[in-house]
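The values are calculated or read from the model by the stated rules, or taken from the named source; none is laboratory data. As the structure is a computational prediction, the values presented were derived from the model and not from experiment. No Cβ is skipped: glycine too gets one built from the backbone with ideal geometry, and neighbour counts run over all protein chains shown. Each accessible area value is taken on the protein alone, full model and side chains, heavy atoms only, with ligands, DNA and RNA left out. Shrake-Rupley method; radii C 1.70, N 1.55, O 1.52, S 1.80 Å.
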Amino acid sequence: MIRIEHISKEYRRIQALDDINLFFSRGQAVSLIGPNGSGKTTLIKCILGLVLPDHGRIFVHTQPIETSPAYRNQIGYMPQIGRYPDQMKVGQLFKLLKDLRHSDPAKLDYELYEEFNLSNLFESRMHTLSGGTRQKVSAALAFLFNPEILILDEPTAGLDPLSSELLKKKIIVEKEKNKLVLITSHILSDLEDLCTHVVYLQEGKLIFYKDLPTLQQETREQKLSRAIAHFMKKNNPIAPLN
Ligand code: ATP
């Protein structure tokens, strides 16, 4: 579904991504894990076409993304920090995006919008919302258009425990509909219940890409955090874990 071939990206002298090769299929929930600055967001932005790699190509449904920009309509993206026009009201934001997409109203997915009670904030301006409430708006927008691919950058950061559980439940439901979900998070306990596969990046390099049972079996650890710590110690005793 998404094929990443030899992607590299350098910012001045920082090698944010270094020859990354990956393939993601339907029904996978892939956790992108790695220390701060390891390249997770840069990789996501390359997939979204928001960052242009220096080398390599990305294919979505076998089409190279640079020649078929409409592929973005198949992706729901929740950014790490959602930036919205300050004066826009929540209701206006949803209406604007629905109008821009010309989407079939029957296909829209309002589940998170309703679970998060966002209709109560219809008249609230974006700049008046708390950080967690902005996250809820970003989450509801990512799922709204029923996309086949969900890309969620630190989705539970800043959410209260109940909202975080609602979002995790929703991610599992969508994955079970055979969608592809890519998630970054530093809260490994959040990923444990969700992910089928783990990509570990460090200093822009792909350290491993494994399905969760294989990682658990190889490390003889059930908990994701312990399995990753075990793998990193075994393969690179001096590497920082996070
Ligand atoms: P975090 O876990 O902190 O969110 P990350 O793994 O998502 O980090 P990236 O945001 O992809 O990491 O950053 C990878 C590297 O690229 C970092 O060293 C970062 O400072 C650098 N970088 C990212 N964006 C830019 C930019 N626009 N200009 C210059 N350097 C950048």
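The lone criterion from (1) of a type outside the set (G, A, S); (2) outside any helix (DSSP H, G or I); (3) open to solvent by 20 Å² or more (accessible area, probe 1.4 Å); (4) closer than 23 Å to E154 by Cα left unmet by F59 is number (4).
When residues in the range 74-90 are screened for being out of contact with any Ser or Thr (no Cβ under 8 Å at 6 or more places or on another chain) and surrounded by 13 or more Cβ atoms within 10 Å (Cβ to Cβ), 6 of them pass.
One line per residue, one yes/no per condition, for (1) part of a loop (DSSP other than H, G, I, E, B); (2) within 20 Å of D190 (Cβ to Cβ):
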residue	(1), (2)
S119	no, no
H127	no, no
A140	no, yes
N146	yes, no
P155	yes, yes
E165	no, yes
E174	no, yes
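Checked against (1) within 16 Å of the ligand (Cβ to nearest atom); (2) within 30 Å of N73 (Cα to Cα); (3) part of a helix (DSSP H, G or I), I228 passes all but condition (2). Among the residues of the range 114-139, write down those that are within 24 Å of K45 (Cβ to Cβ), open to solvent by less than 10 Å² (accessible area, probe 1.4 Å) and either free of Cβ contacts under 8 Å to residues at least 40 places away in the same chain or within 16 Å of the ligand (Cβ to nearest atom) (or both). Of everything in the range 114-139, just one residue is within 24 Å of K45 (Cβ to Cβ), open to solvent by less than 10 Å² (accessible area, probe 1.4 Å) and either free of Cβ contacts under 8 Å to residues at least 40 places away in the same chain or within 16 Å of the ligand (Cβ to nearest atom) (or both), namely S138.
All told, I75 meets the bar of being more than 16 Å from the ligand (Cβ to nearest atom) and closer than 20 Å to D153 by Cα. Residues considered: L97, L150. Of these, the only one that is at pLDDT 95 or above and in contact with a helix residue (DSSP H, G or I) (Cβ under 8 Å, 6 or more places away or on another chain) is L150. Scanning the range 3-49 for residues that are assigned to a loop (DSSP other than H, G, I, E, B), more than 8 Å from the ligand (Cβ to nearest atom) and in contact with a strand residue (DSSP E or B) (Cβ under 9 Å, 6 or more places away or on another chain) gives S25, R26, G27, Q28, G49.
P213 - would you say it is at pLDDT below 95, closer than 29 Å to I149 by Cα and open to solvent by 10 Å² or more (accessible area, probe 1.4 Å)? Yes, satisfied. So which of I187, I183 is surrounded by 14 or more Cβ atoms within 10 Å (Cβ to Cβ) and under 16 Å from the mean Cα position of the chain (by Cα)? The match here is I183. Note on the range 183-209: residues that are among the basic types (K, R) and away from the ligand (no atom under 12 Å from the Cβ) total 0. In the range 192-213, the residues that are within 11 Å of Q28 (Cβ to Cβ) form Cβ pairs under 6 Å with partners that are open to solvent by 10 Å² or more (accessible area, probe 1.4 Å) and acidic (D, E), at six or more places apart or across chains, as follows: H197/D211.
Among the residues of the range 162-180, the ones that are under 13 Å from the mean Cα position of the chain (by Cα) and of a type in the set (A, V, I, L, M) come to 3 in all.
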